[in-house]
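Heads up: the structure comes next, in structure tokens.
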Amino acid sequence: DYEKEKLNERIAKISSGVAVIQIGADIVKRALGYPLKLIAKNIGNNGSVVMEKVLSSDNFKYGYNAATGKYEDLMATGIIDLTKVFFRLLKGCVAIKNRYVFTLYLFRI
């Protein structure tokens, strides 16, 4: 009985953790979709419709090309360049590290 009770507790913890991750992923997905919605709205399209169509795709390369008004593979068309994305990410990480080190130095932790 003890082992069964512990197993049920673990299942409950894992289940709640998965739910939190799914909710968090949905929030992140919506937040990242906001710029897309705004771009579509700025060119006269319904931003919500564009965002929902892009988010409904399982292909992470699929997106909306505002210049042509088409839904397409944004990597194949050159709109998203992984090299530029990587270097921006790296630059952001270095900036965060520098702030962290400066804060440690400032407070001499």
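The values are calculated or read from the model by the stated rules, or taken from the named source; none is laboratory data. Owing to the predicted nature of the structure, the values given are computational and were not obtained by experimental measurement. Quick reminder, even Gly has a Cβ in these numbers, built from the backbone with ideal geometry, and neighbours come from all protein chains shown.
Within the set of pairs 6+ apart or on separate chains, which have a first residue in segment 24-51 that is at pLDDT 90 or above, a second that is surrounded by 11 or more Cβ atoms within 10 Å (Cβ to Cβ) and not in a helix (DSSP H, G or I), and C-beta atoms under 6 Å apart?
Listed by first residue and then by second, the contacts come to Ile39/Ala66; Ile43/Ala66; Val50/Tyr64.
What pairs come out if I take residues in segment 75-100 that are part of a helix (DSSP H, G or I) and at pLDDT below 90 and pair them with residues that are surrounded by 10 or more Cβ atoms within 10 Å (Cβ to Cβ) and not acidic (Asp, Glu) whose C-beta lies under 8 Å away, six or more apart or interchain?
The qualifying pairs are Leu82/Met75.
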